[in-house]
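Data first, discussion second: the structure below is written as structure tokens.
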Amino acid sequence: MRAPKNKLVWDVTMSLDGFIADPKGDPGKMFDWYFSGDTLSVYSSKTLPFKLTKDDAKYFDSKTKATGAIIAGRRTYDYAKAWGGSFFIPVPFFVLTHRPPHRVPKGTTKFTFVTDGIESAVAQAKFAAGKKEVNLMGANIAKECIEADLLDEIRVHIAPFLMGDGVRLHDYLGSHWVELKRREVIASSSGITHISFNL
Ligand SMILES: NC(=O)c1ccc[n+]([C@@H]2O[C@H](COP(=O)([O-])OP(=O)(O)OC[C@H]3O[C@@H](n4cnc5c(N)ncnc54)[C@H](OP(=O)(O)O)[C@@H]3O)[C@@H](O)[C@H]2O)c1
């Protein structure tokens, strides 16, 4: 299946020393920026009340609005307990896994479990997203996308923490260099620095 040309973006919050979650898999305080301001995101709900600083809310809402589909790795899906069946962005959701679950929590999100590889997941998500972006969640699947030359943009939110240990952005990417072109830098009043790079 040949994928359409819409953008594939890896969006990730990372500590300054390069971790995306603690040793138990929890992003923990790194995600405080979603909840520590006084501006309600349009994607806020009773169960997930996104309250950000004004500049973070503008950034978050515009990037979220541009998202037409999501791909997550199975570890991210499991860690988040399938978001209770309802992910906060109402778009098609693809989970890359070798072992589709027997039961999925009932909710508003339509999950598709993809077992035939990253290229297939990306192609299916791009078709489902129409002209919008496809957003990746999970370092392992992002690494596969980089290796397969599928990724267009890395959007990293640098959280003002040193964590010392945990899940790394990447353990080992291979011995070749991947050249990045910086696109955007926003130093937010929350202490988060949003940096995006094109590949
Ligand atoms: N800081 C942030 O912004 C952020 C965002 C998202 C996630 N996280 C954290 O990141 C951690 C998860 O990331 P991760 O990098 O460890 O894992 P991941 O990318 O979420 O998932 C990896 C898993 O996906 C499945 N998979 C990957 N490639 C596959 C393929 N080609 N075919 C079939 N299945 C495939 C495999 O699961 P199976 O073989 O078991 O099916 C693999 O173990 C969690 O701790 C989560 O909380 C942080």
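Below is a table of values for the structure above.
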read-out	value
Residue ID - nearest to the ligand (Cβ to nearest atom), chosen from residues in region 69-99 that are within 22 Å of Ala21 (Cβ to Cβ) and assigned to a strand (DSSP E or B)	Gly73
Residue check, Ser196 of a type in the set (S, T, N, Q), in contact (Cβ under 8 Å) with a residue 40 or more places away in the chain, surrounded by fewer than 14 Cβ atoms within 10 Å (Cβ to Cβ) and over 25 Å from Trp83 (Cα atoms)	no
Some residue of region 15-27 being within 14 Å of the ligand (Cβ to nearest atom), in contact (Cβ under 8 Å) with a residue 24 or more places away in the chain, crowded, with 16+ Cβ neighbours inside 10 Å and farther than 22 Å from Glu153 by Cβ	yes
Residue check for Ile186: surrounded by 12 or more Cβ atoms within 10 Å (Cβ to Cβ), out of contact with any strand residue (DSSP E or B) (no Cβ under 7 Å at 6 or more places or on another chain) and on the phi < 0 side of the Ramachandran plot	no
Residue satisfying condition, being in a loop (DSSP other than H, G, I, E, B), away from the ligand (no atom under 13 Å from the Cβ), without any contact (Cβ under 8 Å) to a residue 40 or more places away in the chain and closer than 23 Å to Asn6 by Cβ, within set Val104, Val178	Val178
Residue match in region 47-68 (condition: within 12 Å of the ligand (Cβ to nearest atom) and without any contact (Cβ under 8 Å) to a residue 40 or more places away in the chain)	no
Residue list for region 31-66, restricted to those being surrounded by fewer than 17 Cβ atoms within 10 Å (Cβ to Cβ) and touching an Asp or Glu at 6+ places or on another chain (Cβ under 6 Å)	Val42, Ala66
Of all residues in region 156-175 being more than 10 Å from the ligand (Cβ to nearest atom) and farther than 17 Å from Asp22 by Cβ, the one that is surrounded by the most Cβ atoms within 10 Å (Cβ to Cβ)	Leu173
Matching option when the condition is part of a helix (DSSP H, G or I), under 22 Å from Ser196 (Cβ atoms) and at pLDDT 95 or above, among Asp17, Asp56	Asp56
Test for Gly68: is it on the phi > 0 side of the Ramachandran plot, of a type outside the set (Val, Ile, Thr) and touching a Lys or Arg at 6+ places or on another chain (Cβ under 7 Å)	no
Residue list for region 128-145, filter: more than 9 Å from the ligand (Cβ to nearest atom) and crowded, with 17+ Cβ neighbours inside 10 Å	Ala128, Ala129, Glu133, Val134, Asn135, Cys145
Test for Asp32: is it out of contact with any His (no Cβ under 9 Å at 6 or more places or on another chain) and either closer than 24 Å to Ser189 by Cβ or charged (D, E, K, R) (or both)	yes
Near pairs, Cβ below 9 angstrom, 6+ apart or cross-chain, from region 129-147 (under 14 Å from Gly174 (Cβ atoms)) to any residue that is more than 8 Å from the ligand (Cβ to nearest atom) and assigned to a helix (DSSP H, G or I)	Cys145/Val122
Pairs, first surrounded by 19 or more Cβ atoms within 10 Å (Cβ to Cβ) in region 72-86, second part of a helix (DSSP H, G or I) and not aromatic (Phe, Trp, Tyr), C-beta under 6 Å, six or more apart	Gly73/Asn140; Gly73/Ile141
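The values are calculated or read from the model by the stated rules, or taken from the named source; none is laboratory data. On a predicted model such as this, the values are computed, not experimentally measured, just so you know. Methodologically, a virtual Cβ is constructed for each residue, glycine included, from the backbone with ideal geometry; neighbour enumeration extends over all protein chains shown.
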